[in-house]
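What follows is a set of notes on a single structure, which appears directly below.
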Amino acid sequence: MSLIEVKDAVKTYQTGEESFNALNCVSLSVEQGEFVAIMGASGSGKSTFMNMLGTLDKPNSGTYFLDGIDMLSLDCNNLSRVRNEKMGFVFQGFNLISRTTALENVELPMIYKGIPEEERVVRAKKALEIVGLSKREDHMPNQMSGGQQQRVAIARAIVNDPPLILADEPTGNLDTKTSIEVMEFFVNLNKNMGKTIVLVTHEPDIAQYCKRVVKFKDGNIISDEINTSTTIPY
């Protein structure tokens with residue numbers, strides 16, 4: 001069974017009296033352990049598709065199963081629970097809480113899950129260690145560089161040990177050197193921790209780190225290819 005199974009997804013938006021399809025009967029399967037780049041120009045449908053995977057939006061028709069669970073049939077409470085257990089999110093803007101420490105930011109998903117404080121601290125420290133920030137536990141976001149903030153966000157995404165990481169332009173606010181460092185952490189999560197990663201990017205250099213590249217155009221998947229580049233650090 002695929003970890004992600006999307007079939008015939010259609011998403012229609014209304015603009016005044018006109019409507020347009022952001023997704024046109026899109027179907028995509030992602031197996032456990034894959035590292036997939038989603039690419040496409042603005043308006044191609046890649047962000048709509050990513051929002052659907054993250055259950056931030058629903059298609060008008062079609063199906064979406066995550067780890068065998070029908071995501072489109074869940075009510076809000078069950079959807080929140082499954083999202084918290086099955087998904088980790090990494091965004092372009094980091095989305096850290098400015099008045100809390102790195103450790104406290106990483107603890108957040110566990111608070112929602114009801115994990116006791118003692119266990120939360122242990123697991124948050126371990127997650128920060130994985131991303132190389134064990135000495136920055138007590139730092140506030142404004143005391144860290146952009147790359148360090150994004151690593152805190154990655155630690156937060158993995159702390160509940162979800163099978164799926166969804167990353168939306170995670171290097172969009174970073175310089176080239178820092179982008180490489182962040183992508184190497186994603187490679188490590190995929191290669192050594194077995195995380196399935198779906199990553200939206202418009203940068204071909206970033207897509208080169210992924211094992212598979214899916215390209216969108218006008219709401220359709222126009223190509224879906226295994227990345228055979230020798231520059232991938234696997």
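Values quoted throughout were computed directly from the atomic coordinates according to the rules given, and no laboratory measurement underlies them. If you're wondering where the values come from, they're calculated on a predicted model, not measured in any experiment. Positions of Cβ are backbone-derived with ideal geometry, glycine not excepted, and every protein chain shown enters the neighbour counts.
Points worth noting:
- In the stretch 72-85, the residues that are among the basic types (K, R) form Cβ pairs under 6 Å with partners that are crowded, with 16+ Cβ neighbours inside 10 Å, at six or more places apart or across chains, as follows: R83/T55.
- If only residues of the stretch 119-155 that are touching a residue at least 12 places away in the same chain (Cβ under 8 Å) and of a type in the set (D, E) are counted, the one that is surrounded by the most Cβ atoms within 10 Å (Cβ to Cβ) is E137.
- Qualifying residue in the stretch 76-97 (condition: over 18 Å from L56 (Cβ atoms), surrounded by 16 or more Cβ atoms within 10 Å (Cβ to Cβ) and in contact with a helix residue (DSSP H, G or I) (Cβ under 8 Å, 6 or more places away or on another chain)): yes
- Spans of helices (runs of 4 or more DSSP H) in the stretch 134-234 with at least 2 residues under 25 Å from N84 (Cβ atoms): 146-158, 176-193
- Exactly one residue among S44, S27, S61 is in contact with an Asp or Glu (Cβ under 8 Å, 6 or more places away or on another chain), closer than 22 Å to R212 by Cβ, touching a residue at least 12 places away in the same chain (Cβ under 8 Å) and surrounded by fewer than 16 Cβ atoms within 10 Å (Cβ to Cβ), and that residue is S27.
- Answer residue from the stretch 192-221, given it is small (G, A, S) and out of contact with any helix residue (DSSP H, G or I) (no Cβ under 9 Å at 6 or more places or on another chain) and is farthest from K46 (Cα to Cα) among those: G194
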